[in-house]
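First the structure, in the form of structure tokens, and then the observations on it.
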Amino acid sequence: MKRSPQDMQDGSRRVGRRGLLLGGIQLGVVTTLALRLRSMQLDHAEEYRLLSDGNSIKIRLLPPARGLIHDRNGLVLAGNEQNYRVTLTREEAGGEVEPVLRRLSRLIPISEDRIAELLAEFARRSAITPIVLADRLSWEQFSSIAVNAPSLAGVTPESGLSRAYPRRGDLAHVVGYVGPVSDYDLSRIEDPDPVLMLPEFQLGKVGVEAKMEHVLRGRAGARRVEVNSAGREMRELSRQEGEQGETLQLTVDARLQNYAAQRMGQESAAAVVIEVQTGDLVAMCSSPSFDPNKFVRGISSADYRMLMNHDHRPLADKTVQGVYPPGSTFKMVTLLAGLDSGLINGGTRFYCPGHTEVGGRRFHCWRRGGHGTMDPVESLEQSCDVFYYELAQRVGIDRIAAMARRLGIGVHHDLPMSAVADGIAPDRAWKKARYDQDWQIGDSLNASIGQGFVLASPLQLAVMTARVASGRAIAPRLVRAIGGVPEPAPEADTLGIDDNLLRIARTGMDGVMNGPRGTARRSRIAREDWRMAGKTGTSQVRNITAAERARGVIRNDQLPWNRRDHALFVCYAPVAAPRYAVSVVVEHGGGGSTAAAPIARDILLFALEGGLPPLDAVPSDQRAEMAARHDAMDLYTPEPPKPGRTRA
């Protein structure tokens, strides 16, 4: 269709207006670009020149605060304290770290030996890994480094947290300690968390700190920073704080643990206190102990050698790692094996002339002249060995071993602690597998009184005692709550032993403490409402020859310390309604009645009282001695909670 002249004229005007509009837009864009270029070239020239020279954005991990560890009453056992330190990254220092170290040594003390150690470490580590040059700096030292940071390439002053153990050695073996992540630690982890690469990041090494690492570590945060070509931070762009690890509450009572540690003094010993009805471990004390803070800060070679060479083995946790022949504390196991099998009853009597002969070998009772005729209750009260020699021949080792495992000996108790020992409840199959030898009748006689191949830890002896007292298969428990959420206590099944049979063993243990011929009568509790039942034990660590017996057995106090017998004692109270069971082992302490029983009695009294044992709870002739002992103690007295504060 042919367009009219008017239509063509209107179309030309529309095209002209659009052209002007497009031209204006183009002019505006060009003007804006020109102004922006001018600003970049003149106003921000220095900023962009720095960026062009190598500024970059880097992500820095922020270590999370480690979770706290509390006792059952909310007292802090492991906490965090402020720590000022300085790190150096070789890549950011341009590869030359020695000149930087020399300049830094003018601000803080860095010895030549330390410089040599650091240079060796820088050579061993990746160039991008920050290395801690010094920590636990004073505020003045930290401020001085911060002010001079522009002239110290790659140096970063940092403020962080470090682990601290306010109770020092009281719970060192239970809580454990943390330390810097080593190459060995990393080699054991299949896919290590990147936070483990941070300088001096602290990882649980032993005890609860190690076993509950996944709960206590928390999650790392991150910060985005802008750094220039020299590696110096120009500014922080963003920050996301990490998540603190969960707070862990243990079942232990810090005050009871402190008392137990001081009551054992410098003995090489262990004590375990367990709640009879719940299995909660209220105290687990190994003596002597050590200060875990030294390991966090880097223990000196001299201090470490002293701990390693000490004949009382302060680094070993004797409560769960130490295994000992349980001696006569094992007699409840043998007795219950006989009663439960129906081979004997409460009226069964054996005659003790002072020894038993089997296969041409004489097995002696601890009383050289013998005890005469004994029933089960009397056999425990007076700890007659011959009664158990005779019983073992009738019952057999397999039944004894099965009862031992039923009562918690020779089995693994799952606790978040390092190297928890299983102990040994030997039987025929065990000896064949271990030594490729047949079981002998003499092995049974030795095992019946807790000697020979039988081994048990103080933890297992406490569990055994609690099970005899309760009639239930209670399991030991150490963690009470995680993140404020209570951990459910497992319901304990019955042992499946008739209560009338258990009552025989309990009556015998009551006689040990309160009977006229009880082997631990001197360590009884004088208050009837706290009446205690117990059993002494003494385990030999040397062979006594026939010649020595003929001329008289050498007394323990005449022997070198490391050849003396171990002293053991187990107990529970109150007899009428048991609340706590206790086991004590004193290495090379001599007799259980003289060395271990008084310690166990006093620890049990502290648990029952909830504080310092009252003097009227012990026989009158021992009260002055107890008062003097308590006066000499430096007992832990926690500060009362401040108003408005809550406990985990």
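Quick notes on this structure:
- Residue in segment 428-442 that is closer than 15 Å to Phe330 by Cα, crowded, with 17+ Cβ neighbours inside 10 Å and among the charged types (D, E, K, R) present: no
- Being surrounded by 21 or more Cβ atoms within 10 Å (Cβ to Cβ) and among the basic types (Lys, Arg) is true of Arg163.
- Arg579 being under 17 Å from Ala260 (Cβ atoms) and surrounded by fewer than 24 Cβ atoms within 10 Å (Cβ to Cβ): yes
- Residue within segment 448-460 that is part of a helix (DSSP H, G or I) and either free of Cβ contacts under 8 Å to residues at least 24 places away in the same chain or surrounded by fewer than 24 Cβ atoms within 10 Å (Cβ to Cβ) (or both) present: no
- Selection within segment 104-148 - over 24 Å from Leu186 (Cα atoms), free of Cβ contacts under 8 Å to residues at least 40 places away in the same chain and surrounded by 13 or more Cβ atoms within 10 Å (Cβ to Cβ): Ser105, Ile108, Ile110, Arg114, Ile115, Ser143, Ser144, Ala146
- Ser444 vs. criteria at pLDDT below 95 and either in the same structural domain as His364 (by TED's automatic domain parsing) or not in a loop (DSSP other than H, G, I, E, B) (or both): no
- Pair list, Cβ < 7 Å and 6+ apart or interchain, from segment 353-378 residues that are under 17 Å from Ser448 (Cβ atoms) to residues that are among the acidic types (Asp, Glu): Thr356/Glu390; Cys365/Asp385; Trp366/Asp385
- Members of segment 168-187 found to be more than 8 Å from the chain's Cα centre (by Cα), part of a helix (DSSP H, G or I) and not charged (D, E, K, R), listed by number: Gly169, Tyr184, Leu186, Ser187
- Per-region count, segment 166-185, residues over 20 Å from Leu137 (Cβ atoms), surrounded by fewer than 19 Cβ atoms within 10 Å (Cβ to Cβ) and touching a Leu at 6+ places or on another chain (Cβ under 9 Å): 3
- Residue check, Val155 under 30 Å from Leu77 (Cβ atoms) and among the β-branched types (Val, Ile, Thr): no
- Within segment 341-359, being at negative phi and in a loop (DSSP other than H, G, I, E, B) holds for Leu343, Ile344, Asn345, Gly346, Gly347, Thr348, Arg349, Pro353.
- Hits in segment 491-539 - residues which are within 15 Å of Lys331 (Cα to Cα), in contact (Cβ under 8 Å) with a residue 12 or more places away in the chain and not small (Gly, Ala, Ser): Leu501, Leu502, Ile504, Arg506, Thr507, Met509, Asp510, Val512, Thr519, Lys535, Thr536, Thr538
- Set Leu256, Leu161: member being in contact (Cβ under 8 Å) with a residue 12 or more places away in the chain, of a type outside the set (Val, Ile, Thr) and assigned to a helix (DSSP H, G or I): Leu256
- Test: residue in segment 380-388 that is modelled with pLDDT of 95 or more and surrounded by fewer than 21 Cβ atoms within 10 Å (Cβ to Cβ): no
- Segment 461-477 - residue that is surrounded by fewer than 24 Cβ atoms within 10 Å (Cβ to Cβ) and within 21 Å of the chain's Cα centre (by Cα) and, of those, farthest from Gly67 (Cα to Cα): Ala475
- A residue that is in the same structural domain as Ala466 (by TED's automatic domain parsing), farther than 23 Å from Lys535 by Cα, in a helix (DSSP H, G or I) and free of Cβ contacts under 8 Å to residues at least 24 places away in the same chain can be found somewhere in segment 410-431.
- Residue within segment 360-370 that is under 30 Å from the mean Cα position of the chain (by Cα) and either surrounded by fewer than 19 Cβ atoms within 10 Å (Cβ to Cβ) or not in a strand (DSSP E or B) (or both) present: no
- Selection status of Ala469, closer than 21 Å to Ile409 by Cα and at pLDDT below 95: no
- Test: residue in segment 264-275 that is over 30 Å from Val181 (Cβ atoms), surrounded by fewer than 18 Cβ atoms within 10 Å (Cβ to Cβ) and assigned by TED's automatic domain parsing to the domain that holds Ala505: yes
- Filtering Ala425, Ala421 for residues that are small (Gly, Ala, Ser) and either surrounded by fewer than 21 Cβ atoms within 10 Å (Cβ to Cβ) or closer than 23 Å to Asp510 by Cα (or both) leaves a single hit, Ala421.
The values are calculated or read from the model by the stated rules, or taken from the named source; none is laboratory data. What you see is a predicted model; the values in this text were computed from it and never measured. So basically every Cβ, Gly included, is an ideal-geometry build from the backbone, and we count neighbours across all protein chains shown.
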